[in-house]
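The values are calculated or read from the model by the stated rules, or taken from the named source; none is laboratory data. Being a predicted model, the structure only gives us computed values, none of them experimental. Positions of Cβ are generated from backbone atoms using ideal geometry, with glycine treated the same way; all protein chains shown enter the neighbour counts.
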Amino acid sequence: MKSSLVLMAAGLGSRFGGTKQLATVGKSGETLLDYTIQDAKEAGIEEVVVITRSEIAESMQSHLQGQHPADVNFKFVLQDLHGPPRAKPWGTTHAVISAADVITGPFILANADDYYGPSSIQIASEELVKVNEGSGSLITFELSKTLSSSGPVTRGICSVENHQLVDVTETEGLFLDLPTDQIKCTGNDTFPPDTPVSMNLWCFHPSILESLQNLWEQFVFKNQNSETAECLLPVCISNLMDLYQYRVATVPSTEEWSGLTNPDDLDLVKEKINSLRG
C-alpha cells in the first residue's frame, strides 16, 4: 500500500476574500501547499491526493504541475461532486471520504492553507507505520506558536493523557494579551503557551474511511436541507473514540505554524516563509 499526503484544498476562503489555497507566499511563486508537498516528498511519501472543487480545479492542477517535478504522483478529487450539491462545502469529514476511492494506503491528512514545517511532516510520515484499524495519530502544536498578530484565532484545544488524545475543543477568540503576556480567549479564560492544539495534521490507516463514511451518512440524513452545517473531522474522531474505543496518539511538533485566514495574514506569512525557506 502506498503512503499518501491528502490535502484539503476545497475551501471557499470567505474570510480571506479569495482562493487562499493558491495565494503566492514564496519567491518562486510557491503556495503553502507546495511546501507541504515538498516536505512530504522529502519524508518519503509516495502519492499526493489533492481534494479541491470544480471551480478552481484547472488552476490548481496547472499550478501544481508547474511547481513540482513530473515524478510527483498527483491525484485530484472534486469534493463538490460528492454528496448533495451545495454552495458551501460539507466539511472536513466529507472532504476525506470524497477521496476514499483514490487513497490506497496509510495517509497524512493536512490543510492546504497551513504551513506545518519540515519536521512536522517528517514526524507524521514516521507515524504512518504505527497506525492501524483501531488507531491513528495527531501531530499537535504549541498554542503560542499558532497565534496570529492579525487578530484572534480559533484553535482546537487538545486534552491529552499519557500521549493519547482525550478530546478536541474548538475555542474561539484566542489571542496574546500583551499587557499580561497571557493567552486568552473570548471567554477570558487563560491558556499556557505550550497548550497542545490541533491544526488538522492527522495520520490514518485507510480502514478509517469506512467508519467516516458511516458517520457522514448519518450526518447528511439529519442535515440534508441545511446550507451551512458541516461534518467536522474532530467531532467524528471523537465519536469513534467514544463508540468504538478508537485511539489517537498525540505527537508534539516544535515547529512554528503559519496559515492564511484573514487578508492581513498574507504579508505576515510571506515574511515568515521567506525567513524560513529562503
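Data for the structure
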{"quantity": "Matching residues in the range 66-89 - criterion: being among the aliphatic types (A, V, I, L, M), over 20 Å from Ser54 (Cα atoms) and surrounded by 14 or more Cβ atoms within 10 Å (Cβ to Cβ)", "calculated": "Val72"}
{"quantity": "Checking Gly83 against (1) over 16 Å from the mean Cα position of the chain (by Cα); (2) not in a loop (DSSP other than H, G, I, E, B), the condition it does not meet", "calculated": "(2)"}
{"quantity": "Enumeration of residues in the range 167-182 that are farther than 27 Å from Gly105 by Cα, within 18 Å of the chain's Cα centre (by Cα) and either of a type outside the set (Val, Ile, Thr) or at pLDDT 95 or above (or both)", "calculated": "Glu170, Glu172"}
{"quantity": "Test result for Thr92, surrounded by fewer than 21 Cβ atoms within 10 Å (Cβ to Cβ) and β-branched (Val, Ile, Thr)", "calculated": "no"}
{"quantity": "Selection count, the range 174-201, where residues are farther than 21 Å from Tyr115 by Cα and either without any contact (Cβ under 8 Å) to a residue 40 or more places away in the chain or of a type in the set (D, E, K, R) (or both)", "calculated": "13"}
{"quantity": "Residue satisfying all of: in the range 35-65; buried (at least 20 other Cβ atoms within 10 Å of the Cβ) and assigned to a helix (DSSP H, G or I); nearest to the chain's Cα centre (by Cα) among these", "calculated": "Thr36"}
{"quantity": "Scan of the range 105-151 for residues that are modelled with pLDDT of 95 or more and acidic (Asp, Glu), ordered by number", "calculated": "Glu126, Glu127, Glu133, Glu142"}
{"quantity": "Residue that is touching a helix residue (DSSP H, G or I) at 6+ places or on another chain (Cβ under 7 Å) and not aliphatic (A, V, I, L, M), where the choices are Thr93, Thr24", "calculated": "Thr93"}
{"quantity": "Unique match (being under 29 Å from Thr31 (Cβ atoms), buried (at least 16 other Cβ atoms within 10 Å of the Cβ) and not basic (Lys, Arg)) among Leu240, Leu276, Leu201", "calculated": "Leu201"}
{"quantity": "Residues within the range 250-272 that are more than 15 Å from the chain's Cα centre (by Cα), among the hydroxyl-bearing types (Ser, Thr, Tyr) and under 16 Å from Leu33 (Cα atoms), tallied", "calculated": "0"}
{"quantity": "The range 99-113: number of residues that are within 15 Å of the chain's Cα centre (by Cα) and buried (at least 23 other Cβ atoms within 10 Å of the Cβ)", "calculated": "7"}
{"quantity": "Pick from the range 152-166, criterion part of a loop (DSSP other than H, G, I, E, B) and at pLDDT 95 or above, ranking: farthest from the chain's Cα centre (by Cα)", "calculated": "Asn162"}
{"quantity": "Candidate set from the range 138-151 (those that are more than 12 Å from the chain's Cα centre (by Cα) and assigned to a strand (DSSP E or B)); member that is surrounded by the most Cβ atoms within 10 Å (Cβ to Cβ)", "calculated": "Phe141"}
